[in-house]
Amino acid sequence: DTGVSQDPRHKITKRGQNVTFRCDPISEHNRLYWYRQTLGQGPEFLTYFQNEAQLEKSRLLSDRFSAERPKGSFSTLEIQRTEQGDSAMYLCASSPLMLGSVYEQYFGPGTRLTVT
Amino acid sequence: QQPVQSPQAVILREGEDAVINCSSSKALYSVHWYRQKHGEAPVFLMILLKGGEQKGHDKISASFNEKKQQSSLYLTASQLSYSGTYFCGTNTNAGKSTFGDGTTLTVKP
């Protein structure tokens, strides 16, 4: 098992452009989470999936953010019309799931977004 | 609501002990702990489910007081490799996790 992978690792974009990030979770992990982290802060929850279903999305997230997990495997996070405030590290994590239980999360290396 | 971690930072000499606390204003289903080194992703340390259990992993252990909605991480005889930022993540159900802002631990020779 190679762990959670994310692509790209770094992205520099101009304000107003759209960006898309990809996350490949550990195979057979049902849960997939997206977080955003800025310097000196903990990971901030964005959204999570159980298989292909998006179960929750942060209320802090504007409509410019969207995520998909079409076949219950990899996931994409898209940010439309990027703003400088979107600059952050975007982390993906996956977790196995037993019904009614919570399991540890395995984080990917992250995608660092810089909006100029 | 985000859990509160204390202290924000601690500096130790090798071999000294440390305690990191995590408090929530909500009833918790579980607490999990991660360590993140600079420029790297958070790495899972341990998870505690409601029931007040205590877990250990080598010289790192943790407790979870469900009634007080608190968890503590204990680092015994710290090593240089323990340096990093420690985050607690809390769940109020089996859904999303909310993370604290971290405690930065520096272990010096």
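Temperature 25 °C, viscosity 0.890 mPa s: under these conditions the Stokes-Einstein estimate for segment A:1-80, based on its Kirkwood radius over C-alpha pairs, is 182 µm² per second.
What separates the Cα centres of segment A:1-44 and segment B:1-78 is a distance of 24 Å. Over all directions, the projected convex hull of the C-alpha atoms in the protein assembly as shown averages 12.3 nm² in area. Computed from the C-beta positions of A:Leu55 and A:Glu28, the FRET efficiency with R₀ = 22 Å rounds to 0.75.
Listed from fewest to most Cβ neighbours within 10 Å, the set A:Thr116, B:Thr76 follows the order A:Thr116, B:Thr76. Applying the criteria of a DSSP loop state and at most 10 other Cβ atoms within 10 Å to the GluC sites (Glu not before Pro) of segment A:12-81 yields A:Glu28.
Principal axis extents of the Cα atoms in segment B:4-108, from largest to smallest and rounded to whole angstrom, are 38, 26, 21.
Checking every one of the GluC sites (Glu not before Pro) in segment B:7-91 against DSSP loop status and a limit of 14 other Cβ atoms within 10 Å picks out B:Glu14, B:Glu16, B:Glu40, B:Glu53.
Loop-located trypsin sites (Lys or Arg not before Pro) in segment A:46-89 (DSSP state other than H, G, I, E, B) with a sparse environment of at most 13 neighbouring Cβ atoms within 10 Å: A:Arg59, A:Arg64, A:Lys71, A:Arg81. Using a simple spin-label model with pseudo-atoms 7 Å out from Cα toward Cβ, B:Tyr74 and B:Val4 lie 2.4 nm apart. Exposure here means at most 12 other Cβ atoms within 10 Å; with trypsin sites (Lys or Arg not before Pro) in a DSSP loop as sites, the longest stretch of chain B lacking them is B:69-109.
Laboratory data are not the source of any read-out in this text; all were calculated from the coordinates shown. Quantities reported herein were computed from a predicted structural model and do not represent experimental measurements. Because the Cβ atoms are built from the backbone with ideal geometry, glycine has one as well, and the counts that use them run over all protein chains shown.
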